1. Among the strands (runs of 3 or more DSSP E) lying completely within region 158-256, list those that include at least 2 residues that are basic (Lys, Arg).
2. If the Cβ limit is 8 Å and pairs must be 6+ apart or interchain, which residue in region 32-61 that is over 25 Å from residue 76 (Cα atoms) pairs with which residue that is charged (D, E, K, R)?
3. Looking at region 224-247, is at least one residue in contact with a strand residue (DSSP E or B) (Cβ under 6 Å, 6 or more places away or on another chain), at pLDDT below 90, of a type in the set (A, V, I, L, M) and within 27 Å of residue 69 (Cβ to Cβ)?
4. Looking at region 189-229 only, could you name the residues that are hydroxyl-bearing (Ser, Thr, Tyr), crowded, with 16+ Cβ neighbours inside 10 Å and either within 15 Å of the chain's Cα centre (by Cα) or under 30 Å from residue 63 (Cβ atoms) (or both)?
5. Sort out which residues of region 100-115 are closer than 15 Å to residue 249 by Cβ and either in a strand (DSSP E or B) or of a type in the set (Val, Ile, Thr) (or both), and write them in order of number.
6. Which pairs have Cβ atoms under 6 Å, sit 6 or more apart or on different chains, and link a residue in region 159-174 that is closer than 29 Å to residue 224 by Cα and open to solvent by less than 10 Å² (accessible area, probe 1.4 Å) to one that is modelled with pLDDT of 90 or more and part of a strand (DSSP E or B)?
7. Tell me whether region 107-116 contains one or more residues that are within 24 Å of residue 218 (Cβ to Cβ) and in contact with a strand residue (DSSP E or B) (Cβ under 6 Å, 6 or more places away or on another chain).
Amino acid sequence: MKKSFIIYMVSFPLTLCALLVSCQQSAPASTANEIAQEAIEAIAELDTYQFNIDRIITITNEEGQASYVWDIYGAVDEIEKEIHHTMQIRGKEASGYSVEYNHEEYMVGNWLYEKFDDDPWSKSQSEHYWHNRDYASQQLDLLTTLIPVELIGIDTVDGVDCYKVQLQPDKVSLWSWITLQGWGQVLEGHQQELTGDIVSDYSIFQWITKDAYFLIKSVVDVAFKVNSDTIVYTETVLLHHLNEPVSIELSTEAEP
């Protein structure tokens, strides 16, 4: 896999480090639509959070299987529009060749500072990048875009009681959403026409806290069958330490 594709996936939205979920209880009286509306209103009360993202892509064909893993964690200050995250990317080609990349990023004072591996720090204006780093809003977009939503029941995430919902869009809606996320980078290099017909399977679950209606976890699994390749994309996004103080200070090494 080309490094340009690996780097592109830094800003790939979608969406949370998997935590074990406790045994499922009976569904509450609230409806899925009511819970979704509460989540939309609750995001205005979210000022700071920390996040973990686990992302895995596997590509299987006649040559074997290639796999790529992203481990991302960091903190966000919604009020100041600041972020700091670190990321490690590990990959293994079907040939057995292994790759590894590391990335660190700050968004501070309307500037984006980035460093890849041993390259020097780069600096650029950040106003065009915030949406791709605003993971809380991305998870809410997922909930409000890929309707209908079914209420599964109550689960706990890290000891917090949550409503567990399943998003059940039709393939047309799902494909429209996928194209908006820039998934062409995942599917690049294929000659087959890319439409919703290449989606062979998918599941999308989210967890919303019962007390404050914060959307704290999303799990997305999508499988594609294109040409001779079977591509499976899995992402788990977890938001935690909500509205707790965060300290995002630019590293002295990143300063110009």
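The values are calculated or read from the model by the stated rules, or taken from the named source; none is laboratory data. Treat the numbers as computed from the prediction; the structure is a model and nothing was measured. Please note: Cβ atoms are built from the backbone with ideal geometry, for glycine as well, and neighbour counts cover all protein chains shown. Side chains included, ligands, DNA and RNA excluded: accessible areas come from the protein's heavy atoms. Shrake-Rupley method; radii C 1.70, N 1.55, O 1.52, S 1.80 Å.
1. Because the criterion is at least 2 residues that are basic (Lys, Arg), the strands (runs of 3 or more DSSP E) in region 158-256 that meet it are 215-226.
2. Close Cβ pairs (under 8 Å, with a partner that is charged (D, E, K, R)) amount to 32/150; 59/229; 60/229; 61/229.
3. no
4. 202, 218 - these are the residues of region 189-229 that are hydroxyl-bearing (Ser, Thr, Tyr), crowded, with 16+ Cβ neighbours inside 10 Å and either within 15 Å of the chain's Cα centre (by Cα) or under 30 Å from residue 63 (Cβ atoms) (or both).
5. Listed by number, the residues that qualify are 104, 105, 106, 107, 108, 111, 113.
6. Matching pairs, first to second residue: 165/149; 165/151; 165/206; 167/149; 167/204.
7. Within region 107-116, one or more residues are within 24 Å of residue 218 (Cβ to Cβ) and in contact with a strand residue (DSSP E or B) (Cβ under 6 Å, 6 or more places away or on another chain).
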